[in-house]
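Asks: For reference, the structure I am asking about is given below.
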Amino acid sequence: MLDSKFIRENLELVRLNIARKNEKVTIDTFEQLDVQRRSIIQEVETLKSKRNTVSSEIAVLKKNKQDATELIDAMKVVSDSIKELDEKLASIEVELENLILYIPNMLHESVPTGKTADDNVEIRRNGECGEKGFRKDHLEIAKELSILDFERGAKVSGSGFGYYVGKGATLERALWNYFLDTHISENGYKEIYTPFIVNEDSMRATGQLPKMAEDMYHCTEDNLYLIPTAEVPITNFYRNETLQGAELPIKLTGFSACFRREAGSYGKDSRGFLRVHQFNKVELVHFSKPEESYNELEQMVVCVEKLLQALQLPYRVILLCSGDTSFNSAKTYDIEVWSPCEQKWLEVSSCSNFEDFQARRASIKYKDTPNAKPSLLHTLNGSGIATSRIMVALLEHYQKEDGSIEVPEVLRPYCRFDRIEKSY
RNA sequence: GGAGAGAUGGCCGAGAGGCUUAAGGCACCGGUUUGCUAAACCGUCGUAGUGGUAUAACUGCUACCGAGGGUUCGAAUCCCUCUCUCUCCGCCA
């Protein structure tokens, strides 16, 4: 959520930013509503001030056993007007709120203008992009080795759900354990294990609501939502809190299953684990001072790269153009891993600086000294990493000609085996 | 699922329609005193919105006692609904 004062003073910039992000919201009514709102506030607060003064006069009269009916009658009229104005104000504020919630975050100046993913800018690349060669795609090889089972996933849950079986399940678990351990021991993160189901306030605070309502699983009976990413419970950990400046940056990492309805996206990238309703992800979240947040963003990307280097997977870092940068984000880097079978890059991580956009809605502040005025901090998050697409890349890259899968060096201590072969 | 108790500033805690602009205490911060620490004393000490100012400092006003409604000239206080926490009972992973 943007600051309404900022919108008021920068209407043209906000409009331009909406266009650069390819968003459709119009803010034509903002100015008018904003002016109306403030004039009503002034009017109603003058009346309230009067009511407060006269009410204490009434109290004095009553105490002295004097007649106050004249004042009381006058205040009845005032109270009625206050009630009327308050109602009018409330409905304007609802309108304004609805407008503001659909205005996207301002882009950082370093974000290139562009319409689609084609306009994204490659920042750097590591490793060689292999050819398909003898390789079977991840579904084929996984079926041969009996480590992934989408048929039974569909039977038990529905299309877009899968089982990991045997060494496949172990490999999956090894991945997220390896990621977590690395972030904790080498990158200065604190581990946090979160609820997977959260309330409406939390979804609103991190910006999933109202825009993404259709993409989430909603338990209507309790009005709770299954998290689409651990970003939600991790960022909301500090909702409505003021942190000490000295403890920033706070870097949290947490594992969660992620649930997405992916409404309307069938047919696109939907084969196997490229797009599923439930997947596993280790999330990175930073709470940062504003002046440090862009430095934090760069560091976060490096933390993700280290994992891919250790797994020896070819990857590239992409700076998203304006049109591809999400609603909440001011600047986003995607990290993509090469898939030799698909012959394309797969997004495995997305690292974003939200600046104070989430912090404002979630009311997360910090202050440097005990008596300082609290100010909004910056929040960042990134996937570090989602396992399902890494699994796709692993099955392809580590495939041997005999149809077995070699376990990457760094995962062997977790797996306690170094090869997956056809066994049953 | 049933019964009961509770929710007041950073924390503790009073307040039960009108000198409450929320008492008092603790903590924090600033100051005085002091050989250091401590103590004592004095003062400051919330959030948000909206005005006055070109901005800031500063300052006026309004709102906020779990949330939302209602009664009233006036609500932390009375009424209704909801949420959460705690205790007990039942049921069940």
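The values are calculated or read from the model by the stated rules, or taken from the named source; none is laboratory data. None of these values were measured; they are calculated from a predicted model. A quick note on method: Cβ atoms are made from the backbone with ideal geometry, for glycine too, and the neighbour counts reach across all protein chains shown. Surface areas here come from the heavy atoms of the whole protein model, side chains and all, with no ligands, DNA or RNA. Shrake-Rupley method; radii C 1.70, N 1.55, O 1.52, S 1.80 Å.
One line per residue, one yes/no per condition, for (1) modelled with pLDDT under 90; (2) assigned by TED's automatic domain parsing to the domain that holds residue A:279; (3) in contact with a helix residue (DSSP H, G or I) (Cβ under 8 Å, 6 or more places away or on another chain); (4) acidic (Asp, Glu):
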site	(1), (2), (3), (4)
A:35	no, no, no, no
A:49	yes, no, no, no
A:75	yes, no, yes, no
A:108	no, no, yes, no
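Asks: Please find, among A:329, A:388, A:350, A:383, the residue that is hydroxyl-bearing (Ser, Thr, Tyr), within 26 Å of residue A:297 (Cβ to Cβ) and in a helix (DSSP H, G or I).
Replies: Just one listed residue meets the conditions, A:388.
Asks: When region A:17-49 is examined, which residues are found to be open to solvent by 70 Å² or more (accessible area, probe 1.4 Å) and either outside any helix (DSSP H, G or I) or near RNA strand B (Cβ under 8 Å from one of its atoms) (or both)?
Replies: A:24, A:26, A:38, A:42, A:45, A:46
Asks: Restricting to region A:324-344, count the residues that are surrounded by fewer than 20 Cβ atoms within 10 Å (Cβ to Cβ) and on the phi < 0 side of the Ramachandran plot.
Replies: 5
Asks: Name the residues in region A:198-235 that are of a type in the set (Ser, Thr, Tyr) and under 22 Å from residue A:352 (Cα atoms), would you?
Replies: Correct list: A:202, A:206, A:229, A:235.
Asks: Further, regarding this structure: When the residues of region A:196-226 are narrowed to those that are in a helix (DSSP H, G or I) and in contact (Cβ under 8 Å) with a residue 24 or more places away in the chain, which ends up most open to solvent (accessible area, probe 1.4 Å)?
Replies: The selected residue is A:214.
Asks: In region A:312-331, is there at least one residue being in contact with a Cys (Cβ under 6 Å, 6 or more places away or on another chain) and away from RNA strand B (no atom under 16 Å from the Cβ)?
Replies: Yes, that holds for at least one residue.
Asks: Let me ask something additional. Would a scan of region A:59-68 turn up a residue that is β-branched (Val, Ile, Thr), within 30 Å of residue A:324 (Cβ to Cβ) and assigned to a helix (DSSP H, G or I)?
Replies: So far as region A:59-68 goes, no, none of its residues is β-branched (Val, Ile, Thr), within 30 Å of residue A:324 (Cβ to Cβ) and assigned to a helix (DSSP H, G or I).
Asks: Looking at residue A:81, is it more than 8 Å from RNA strand B (Cβ to nearest atom), hydroxyl-bearing (Ser, Thr, Tyr), within 29 Å of residue A:364 (Cα to Cα) and part of a helix (DSSP H, G or I)?
Replies: Answer is no for this residue.
Asks: Which one of the conditions (1) at negative phi; (2) in contact with a Lys or Arg (Cβ under 9 Å, 6 or more places away or on another chain); (3) open to solvent by less than 80 Å² (accessible area, probe 1.4 Å) does residue A:124 fail to meet, given that it meets all the rest?
Replies: (3)
Asks: Could you list all residues from region A:131-144 that are open to solvent by less than 10 Å² (accessible area, probe 1.4 Å) and not small (Gly, Ala, Ser)?
Replies: A:138, A:141
Asks: Among the strands (runs of 3 or more DSSP E) confined wholly to region A:227-295, which include 1 or more residues that are of a type outside the set (A, V, I, L, M), out of contact with any strand residue (DSSP E or B) (no Cβ under 6 Å at 6 or more places or on another chain) and modelled with pLDDT under 90?
Replies: Hits in region A:227-295: A:241-244.
Asks: Quick check on region A:50-75: of everything there that is more than 6 Å from RNA strand B (Cβ to nearest atom), among the charged types (D, E, K, R) and closer than 23 Å to residue A:86 by Cα, which residue is least open to solvent (accessible area, probe 1.4 Å)?
Replies: A:73
Asks: Give the residues of region A:353-377 that are part of a strand (DSSP E or B) and either among the hydroxyl-bearing types (Ser, Thr, Tyr) or away from RNA strand B (no atom under 16 Å from the Cβ) (or both), sorted by residue number.
Replies: A:353, A:366, A:375
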